[in-house]
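In what follows, a structure is listed as C-alpha cells, so that the remarks can point back to it.
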Amino acid sequence: MTATLTGGPDLEQVRRLITEIPGPRSRELAERRKAALPTGLASAAEVYIASAGGGVVVDVDGNSLIDLGSGIAVTTVGNSAPAVVARAADQLTQYTHTCFLNVPYEPYIEVAERLNALTPGDHEKRTALFSTGAEAVENAVKYARAATGRDAVVVFDHAFHGRSLLTMTMTAKNQPYKHGFGPFAPEVYRAPMAYPYRWPSGPENCADEAFSQFATLIDAQIGADQVACVVVEPLQGEGGFIVPAEGFLQKVAEFCRERAILLVADEVQTGIARTGAWFASEHEGLVPDLITTAKGLGGGLPLAAVTGRADIMDVAHAGGIGGTYAGNPVACAAALGVFDEIENGGLIERAKAIGDLIVRELRGIAETTDIIGEIRGRGAMIAVELVKPGTREPNKEAVAKLAKHCHDNGVLTLTAGTFGNVLRFLPPLTISDELLTEAFAVIRDGFAAL
C-alpha cells in the first residue's frame, strides 16, 4: 500500500502499522540511497516519509507513526500547518526569490519586526535573517567581534552550535560532529556547564562552582578584555536537554555586563514557543545582547535570525552581512504563518501542557525501573537520561535499544547527550494527548523489555 500524499492537520491521527518497519517501499528507497548518497549522510529513521501533520508521520508504505521529534524541533506548529501553508503558497504565486541584498521585499521586514517585538528586553533591536542555525550563530559572533573589537569566544561543555567551521569548533561533542574535520577555528574557549546531575560535588554546589570556573577561565586565562562574547544555550539541546543549575545563567549574564562582554543566547532549538515561552531565556530572566533563532521559526522552511541590540547590530559595515538565500521570501511568509499558528492556537500554553503530560508519564515509568537517572527539560522539550543500575554511568546501550523498540512499534524518537545516553522528546505542539499517551505506552513497554 502507498500512503496518501495529503498531509497537514487533516491527516488521520492514529498509530497504524500495516507492514514491518521498515516496509518494502522504504527498503527499496534505502537501496537507491546507497547508490546515490554518501555514507556520512546518515538518517536516524529507516522509514521514508510520504505525508505528515498533527502528531503523525505517514511513510511510503502507509504506516502511520507518532512523531516525537518534529524534524528536530522544526515543525513545532505541526507539519504543513494551515497558516504556514497558506502564507507560503500565496508567496509562491508572487515571487520565489530576488535576494534581499539585490531587490528587497516586505516579508523580510515583517519577520524582523515580529522578532524585535517578541525577543526578551524592551531596548531598541534589529534583526538580520539567514538560512540555518549555524549561519545565525556564526553571524552573531561576527556582530560581537565587530562591536567589541575583540576576538575570543567562550562556549560551554556539552554545547551544540552547528556544523560550519566556526560553529563546529564551538560544538563540544567530537563524534559525530567534529571527528576528522579539523583543524578548527582559533580563539574559541570552553567553560564547564552547570550540569546539576553530573556535577562532581553535587547539584547544590553546581551553580557557584561552575560559575567560579567560568570566571577564572575568562579573567585569568583568556583575559576579559579579549573576549567578544559568551555563547550559551539557555537549555542545551544536543548536549542532552541540560537545564543549567538555578542562578548560573544570571551570574554569567552579570559577569558579562561588568566586563563589556556580549551575551549571545543560542535559541536555535529552544526558541519559538518550544519550552512554554517564546524563548527559553525568559525562564531564566535573561535579556541577551544577541539571540539566535532557526528551526521552528520557518515552520519547515529554512530560515534563521540574529536579533539584538540596535547599537550592536548597526556596527557591521554595509554589505558585510547577508547571503544569497538569507531571508528567502517564501520562508519569511512561512514564518509569519508560524507566528499566526502560535498566537491563534494558544501553542505556548499547549507546550506547557505537553511537558506536564510527558513528565508525568516518565515519572510513572521511573517507578518501574532503576535505569532512569534524571528527567529534565522545559515545556515540550523533555528528556530522560539513562544510567546503569545503581550508578551514574551512562547507559548508551539502553537508549539505543529503546529507540529501536519505539521505531519498530511506530513511535519516532530522538537520542542526544554527550555520552549518547539521553532519549529526548520534541513533539509538535499540535499533537493530541491521546497520541502522546499511546506513544508513552510503547515507551513503557520498551523499558519493561529492557
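The values are calculated or read from the model by the stated rules, or taken from the named source; none is laboratory data. These figures come from a predicted structure and were not determined experimentally. Cβ coordinates were reconstructed from backbone atoms using ideal geometry, including for glycine residues, and neighbour counts include every protein chain displayed.
Per-structure values
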{"item": "Test: residue in region 228-243 that is in a helix (DSSP H, G or I) and assigned by TED's automatic domain parsing to the domain that holds Gly121", "result": "no"}
{"item": "Only one of Glu233, Glu284, Glu246, Glu254 that is more than 30 Å from Gly7 (Cβ to Cβ) and free of Cβ contacts under 8 Å to residues at least 12 places away in the same chain", "result": "Glu254"}
{"item": "Flag for Ala260 being of a type in the set (Gly, Ala, Ser), touching a strand residue (DSSP E or B) at 6+ places or on another chain (Cβ under 8 Å) and closer than 26 Å to Gly149 by Cβ", "result": "no"}
{"item": "Tabulated pairs, region 331-349, first within 14 Å of Val85 (Cβ to Cβ), second outside any helix (DSSP H, G or I) and of a type in the set (Val, Ile, Thr), C-beta under 6 angstrom, 6+ apart or interchain", "result": "Val338/Val77; Glu341/Val77"}
{"item": "Of residues in region 33-42 being surrounded by fewer than 12 Cβ atoms within 10 Å (Cβ to Cβ) and not in a loop (DSSP other than H, G, I, E, B), the one farthest from the chain's Cα centre (by Cα)", "result": "Ala35"}
{"item": "Given (1) surrounded by 24 or more Cβ atoms within 10 Å (Cβ to Cβ); (2) in contact with a Ser or Thr (Cβ under 7 Å, 6 or more places away or on another chain); (3) within 29 Å of Leu414 (Cα to Cα), number of the condition His283 does not satisfy", "result": "(1)"}
{"item": "Some residue of region 315-325 being surrounded by 21 or more Cβ atoms within 10 Å (Cβ to Cβ) and either of a type in the set (Val, Ile, Thr) or free of Cβ contacts under 8 Å to residues at least 24 places away in the same chain (or both)", "result": "no"}
{"item": "Given (1) surrounded by 14 or more Cβ atoms within 10 Å (Cβ to Cβ); (2) more than 21 Å from Pro288 (Cα to Cα); (3) in contact with a Gly (Cβ under 9 Å, 6 or more places away or on another chain), index of the condition Ile222 fails", "result": "(3)"}
{"item": "Residue that is farthest from the chain's Cα centre (by Cα) [pool: residues in region 9-32 that are polar (S, T, N, Q) and assigned to a loop (DSSP other than H, G, I, E, B)]", "result": "Thr19"}
{"item": "Test: residue in region 94-103 that is at pLDDT 95 or above and under 26 Å from Glu238 (Cβ atoms)", "result": "no"}
{"item": "Checking Ala403 against (1) part of a helix (DSSP H, G or I); (2) in contact with a helix residue (DSSP H, G or I) (Cβ under 6 Å, 6 or more places away or on another chain); (3) under 26 Å from Phe160 (Cβ atoms), the condition it does not meet", "result": "(2)"}
{"item": "Cβ-Cβ under 7 Å pairs, at least 6 apart or on other chains, region 62-83 side over 16 Å from Ile348 (Cβ atoms), far side at pLDDT 95 or above and of a type in the set (S, T, N, Q)", "result": "Asn63/Thr19; Leu68/Thr413; Gly69/Thr413"}
{"item": "Number of the condition not met by Ala134 [criteria: (1) more than 20 Å from the chain's Cα centre (by Cα); (2) without any contact (Cβ under 8 Å) to a residue 60 or more places away in the chain]", "result": "(1)"}
{"item": "Residue among Ile375, Ile342, Ile358, Ile354 that is surrounded by fewer than 21 Cβ atoms within 10 Å (Cβ to Cβ) and among the aliphatic types (A, V, I, L, M)", "result": "Ile375"}
{"item": "Residue in region 46-67 that is closer than 19 Å to Glu438 by Cα, among the hydroxyl-bearing types (Ser, Thr, Tyr) and modelled with pLDDT of 95 or more present", "result": "yes"}
{"item": "Qualifying residue in region 82-103 (condition: at positive phi, more than 21 Å from the chain's Cα centre (by Cα) and in the same structural domain as Arg350 (by TED's automatic domain parsing))", "result": "no"}
{"item": "Residue identified as more than 30 Å from Arg257 (Cα to Cα) and of a type in the set (A, V, I, L, M) among Val155, Val141, Val103", "result": "Val103"}
{"item": "Members of region 52-85 found to be among the polar types (S, T, N, Q) and closer than 20 Å to Pro24 by Cα, listed by number", "result": "Asn63, Ser64"}
